[in-house]
Amino acid sequence: MEILTPSAAQRMAPCAGLRIGDPAPEFAARSTTGNVRLSDYRGRWLILFSHPADFTPVCTTEFVALAQEAEAFAARDCELMALSVDSLFSHFAWLRLIRDRFGVEVRFPIVEDPTLVVGRAYGMVSDADADSATVRTTFFIDPDGVVRAMTCYPANVGRSTAEMLRVLDALQSVDGAPVLAPANWQPGKALLRQPVVDLEAVYGAEGAADWFLAEAEGRQA
């Protein structure tokens with residue numbers, strides 16, 4: 001496995017993890033679909049997510065759910081990539097079991113990270129950790145290779161596929177526009193416009209809250 005050199009800041013404080021707006025660290029590794037390199041996904045959205053281990057109950061339900069929704073992510077021009085410490089052959093055996101037990105084929109790549117090199121580069125695992133048993137982290141990476149959102153769950157709580165899709169929809173809807181996605185926003189619902197930063201406009205707004213809390217005209221997704 002090859003891990004490309006991260007920035008000096010990432011080398012100095014790997015345990016702090018990445019921040020929203022940071023470039024996702026480049027890496028090259030083996031996966032269930034062949035050798036992968038993060039930069040190969042430039043120009044598309046990518047959701048990179050880690051799971052504690054193969055052949056575990058919660059992870060199995062997550063992979064079944066994500067495989068069932070793979071077309072929904074693809075329709076949004078978004079690829080999926082999983083990561084765990086298990087070996088490539090463990091991944092293969094697990095995917096065969098999932099197919100035979102649930103009738104679902106997992107076709108997105110699962111990267112092997114037995115030495116925790118990738119996990120540590122992303123701050124998912126501390127240098128003091130012997131394994132990644134506590135890791136269930138998700139990175140939403142935009143077409144420019146920038147981390148736009150992150151979630152982190154404990155090993156005993158599974159992710160929501162619906163929420164992953166909602167976050168992706170929200171990120172794509174506000175991308176490159178002065179709009180905001182409110183709480184519980186769903187595709188097709190109104191977005192919010194950016195607050196006014198002009199005192200005259202604040203005093204001249206029709207409602208007391210209209211200057212900072214108003215729907216964006218014609219901006220729905």
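Worth pointing out:
- Residue 51 vs. criteria within 15 Å of the chain's Cα centre (by Cα), in contact (Cβ under 8 Å) with a residue 40 or more places away in the chain, buried (at least 20 other Cβ atoms within 10 Å of the Cβ) and assigned by TED's automatic domain parsing to the domain that holds residue 32: yes
- Matching residues in the stretch 38-73 - criterion: being in contact with a helix residue (DSSP H, G or I) (Cβ under 9 Å, 6 or more places away or on another chain) and small (Gly, Ala, Ser): 50, 53, 65, 67, 72
- Qualifying positions in the stretch 94-109 - of a type in the set (D, E, K, R) and more than 21 Å from residue 40 (Cβ to Cβ): 96, 99, 100, 101, 105
- Of the strands (runs of 3 or more DSSP E) lying entirely inside the stretch 103-221, those carrying at least 2 residues that are of a type in the set (A, V, I, L, M, F, W, C) and modelled with pLDDT of 90 or more are 110-112, 137-141, 147-152, 190-193.
- Per-region count, the stretch 173-221, residues closer than 27 Å to residue 162 by Cβ, hydrophobic (A, V, I, L, M, F, W, C) and surrounded by 12 or more Cβ atoms within 10 Å (Cβ to Cβ): 12
- Residue within the stretch 121-129 that is touching a Phe, Trp or Tyr at 6+ places or on another chain (Cβ under 8 Å), under 22 Å from residue 19 (Cα atoms) and surrounded by 17 or more Cβ atoms within 10 Å (Cβ to Cβ) present: yes
The values are calculated or read from the model by the stated rules, or taken from the named source; none is laboratory data. These figures come from a predicted structure and were not determined experimentally. Don't worry about glycine lacking a Cβ; one is built from the backbone with ideal geometry, like all the others, and counts go over all protein chains shown.
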